[in-house]
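What follows is a single structure, written as structure tokens, with notes after it.
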Amino acid sequence: MEQQMRYDNLKLGERGAIVSIIAYICLSSIKLIIGYVSGSEALKADGLNNATDIVASIAVLIGLKIAQKPADQDHPYGHWKSETIASLVASFIMMAVGLQVLVEAAVSMFQSRGQAPDLISAWAGAFCAMVMYAVYRYNKKLALKINSQSVMAAAKDNFSDALVSVGTVVGIIGAQLNMPWLDPLTAIIVGIIICKTAWDIFREASHHLSDGFDEEIIESYKDTVMSIEGVEDVKEIRARNYGSNAVVDVILLIQSDLEFQEAHEIATRVEDELKRKSNVYEVHVHYEPGG
């Protein structure tokens, strides 16, 4: 029942990826067309950013779909990590485009025509910023509801895109005030933000794939275990992630004179409490006699 609910959450997470894809297709088209027509390097860079986000969101969608596949002979622990792998792939795509935007913006700055872009580009940027902020709010709410790493990563990307659009508007308006160099300068800032977002997603995804885990969360798990009656101490506790699911390995110290059935009941209570209180997906409990 619980496992099916987690699969249902992955299915629900697809909505966030699909909403992002539709929004990015529409917004990147608007920005690229108006950017070329109005002569705004910043708006074109922002449009390219959203174009990459289309591919990144598709990668997240594919990852969510693969993660829903049940365990099989080749993947006895399931396909949960496909969600994290998708985020890693998306970070590579975003970094490549971010570097491209930086190079083109730098060249444009030194080959500036000395003309400010048309004011329509500022209106387009402002409209796109509002739309992207609405998408961010939707995906963040959805990610918290289903506890999805990839959907939360998509939400963070949505928010950075909204900020990028706001920066684009600032650059365009500045160019209108007889500072045409400010538009390509903003494009450079956009490129830096794209690369920074890509790096953050890469760092988090690689951390999870290499079995890294937040030490503070592990301490909270330990506190939960220590609160169980019959547990004298925790000899060792470790945790890792299967996608958005936490798996915990714990070695308990219990009274040495307990019967097997009593010791087993303590272990079962530890497992049940971690799943109930901390939403842990799976718990492996080993117990040893205490001092």
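The values are calculated or read from the model by the stated rules, or taken from the named source; none is laboratory data. Everything numeric in this text was worked out from a predicted model, so none of it was measured. Ideal geometry is used to build each Cβ from the backbone, glycine not excepted, and the neighbour counts take in all protein chains shown. Ligands, DNA and RNA are stripped out before the accessible areas are found, and what is left, the full protein with its side chains, is counted by its heavy atoms. Shrake-Rupley method; radii C 1.70, N 1.55, O 1.52, S 1.80 Å.
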State all residues of segment 148-189 that are outside any helix (DSSP H, G or I) and either open to solvent by 80 Å² or more (accessible area, probe 1.4 Å) or closer than 13 Å to residue 17 by Cα (or both); if no residue qualifies, say none. 148, 177, 178, 181
Residue tally, condition surrounded by 23 or more Cβ atoms within 10 Å (Cβ to Cβ) and acidic (Asp, Glu), over segment 62-102: 1
Looking at residue 149, is it in contact with a Ser or Thr (Cβ under 6 Å, 6 or more places away or on another chain) and not acidic (Asp, Glu)? yes
Scanning segment 258-288 residue by residue, those in a loop (DSSP other than H, G, I, E, B) and touching a residue at least 12 places away in the same chain (Cβ under 8 Å) turn out to be 258, 279, 280, 281
Look through 174, 230 and report the one residue that is within 30 Å of residue 251 (Cα to Cα) and not hydroxyl-bearing (Ser, Thr, Tyr). 230
Of the candidates 143, 134, the one satisfying the condition of being crowded, with 21+ Cβ neighbours inside 10 Å and either at pLDDT below 85 or in a helix (DSSP H, G or I) (or both) is 143
Out of (1) under 15 Å from residue 242 (Cα atoms); (2) of a type in the set (Lys, Arg); (3) in a helix (DSSP H, G or I), the one residue 69 does not meet is (3)
Among the residues of segment 245-254, is any open to solvent by less than 20 Å² (accessible area, probe 1.4 Å), in a strand (DSSP E or B) and out of contact with any helix residue (DSSP H, G or I) (no Cβ under 7 Å at 6 or more places or on another chain)? yes
Exactly one condition in (1) modelled with pLDDT of 85 or more; (2) assigned to a loop (DSSP other than H, G, I, E, B) is false for residue 112; which is it? (1)
Boolean, residue 235 is in a helix (DSSP H, G or I), surrounded by fewer than 17 Cβ atoms within 10 Å (Cβ to Cβ) and among the charged types (D, E, K, R): no
Would you check which residues across segment 47-72 are modelled with pLDDT under 85, over 17 Å from residue 149 (Cα atoms) and not aliphatic (A, V, I, L, M) and list them? 49, 52, 69, 70, 72
Considering only residues that are in a helix (DSSP H, G or I) and of a type in the set (S, T, N, Q), look in segment 28-50 and name the one that is surrounded by the most Cβ atoms within 10 Å (Cβ to Cβ). 49
Per the list (1) more than 19 Å from residue 7 (Cα to Cα); (2) touching a Gly at 6+ places or on another chain (Cβ under 7 Å); (3) of a type in the set (Asp, Glu), residue check on residue 104 breaks on (2)
Return a yes/no flag: does segment 51-61 have any residue that is of a type outside the set (D, E, K, R), over 18 Å from residue 158 (Cα atoms) and either crowded, with 19+ Cβ neighbours inside 10 Å or in contact with a strand residue (DSSP E or B) (Cβ under 9 Å, 6 or more places away or on another chain) (or both). no
